[in-house]
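The values are calculated or read from the model by the stated rules, or taken from the named source; none is laboratory data. Treat the numbers as computed from the prediction; the structure is a model and nothing was measured. Here the Cβ positions follow ideal geometry from the backbone for every residue, glycine too, while neighbour counts run over all protein chains shown. Just so you know, the surface numbers come from the protein's heavy atoms only, side chains and all, with ligands and any DNA or RNA stripped out. Shrake-Rupley method; radii C 1.70, N 1.55, O 1.52, S 1.80 Å.
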Amino acid sequence: MSLTSAATLATLDRTGPRRITDLAAVEGVTQPAMTALVRVMEESGMVERRGDTSDKRVTLVCLTEAGASYVRTRHQAGVHAFERLIGGLTGDEVEALVAALPALKHLAELENQDREGPKR
């Protein structure tokens, strides 16, 4: 799976159903490119398109259970990788990481705000 596909699935997991135009903006690709990507992910069972109950003209891209499972599996793999790497650090290095956690959390929040843009 491409990085853009994985990132798109993660965005849908975090933010819920989105319009293709919103996903394109969040992921930094063109709307036609996102349309093609969504089509491929739809064919693989990771996402589905649904009508928006608040605006019948709008179609939303939604994560399927298979897509949500993929995101959870990737997340868990990342957690295990960090656990393994942190296990190789010295006590002082671990303490430095712990002290940096509030700043790192804030950076992640800022990055998510930039990537997600306005919610629909």
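Take every Cα pair under 8 Å in the chain that's 6+ residues apart, average their separations, divide by the length, and report that relative contact order as a whole percent.
Taking the mean separation of contacting Cα pairs over the length of the chain, I get 26 percent.
Measure off, as a whole percent, the carbon and sulfur share of the 1.4 Å-probe accessible area of the chain, all protein chains present.
Values: 4590 of 7870 Å².
It is 58 percent, rounded to a whole number.
Residues of segment 1-22 with amide nitrogen under 11 Å from the 7 Å Cα-to-Cβ point of ASP52?
18-22
Around VAL98, under 15 Å between beta carbons, what's the net of Lys plus Arg minus Asp minus Glu among the other residues? Walk me through the numbers before you get to the answer.
Numbers: positive: LYS105; negative: GLU83, ASP92, GLU93, GLU95.
Summing Lys and Arg as +1 and Asp and Glu as -1 gives -3.
Any chance you could give the angle, 0 to 90 degrees and rounded to 10, that helix 91-116 forms with the longest Cα principal axis of the chain?
Tilt of helix 91-116: around 20 degrees.
Test of the criteria: in segment 1-79, which trypsin sites (Lys or Arg not before Pro) are in a DSSP loop and have at most 16 other Cβ atoms within 10 angstrom of their Cβ? Kindly include the intermediate steps, with their values, before the conclusion.
On the way: sites: ARG14, ARG18, ARG19, ARG39, ARG49, ARG50, LYS56, ARG57, ARG72, ARG74; in loops: ARG19.
When the trypsin sites (Lys or Arg not before Pro) of segment 1-79 are filtered for loop state and at most 16 Cβ neighbours within 10 Å, nothing remains.
Can you work out the accessible area per residue across the chain, with the rest of the protein chains kept in place, probe 1.4 Å, in square angstrom? Numbers along the way, then the final one.
Numbers: 7870 Å² over 120 residues.
So the chain comes to 66 Å² accessible per residue, rounded to a whole number.
Under 12 Å from the 7 Å Cα→Cβ point of SER2, by amide nitrogen: which residues of segment 27-69?
Residues 28-41 fall inside that zone.
For segment 1-61, what does the relative contact order come out to in percent, with C-alpha contacts under 8 Å and a separation of six or more?
Values: 52 pairs, mean separation 19.0, N = 61.
Here the relative contact order equals 31 percent.
Which of PRO17, PRO32, PRO102 moves most in a GNM of the chain, Cα contacts under 10 Å?
Judging by the Gaussian network model, the answer is PRO102.
Please list, in order along segment 45-59, the HN-Hα scalar couplings obtained from phi with the Karplus expression 6.51 cos²θ - 1.76 cosθ + 1.60 (θ = phi - 60°), rounded to whole Hz, x for Gly and Pro.
Coupling constants for segment 45-59: x, 7, 9, 9, 9, 9, x, 8, 5, 8, 8, 4, 7, 9, 10 Hz.
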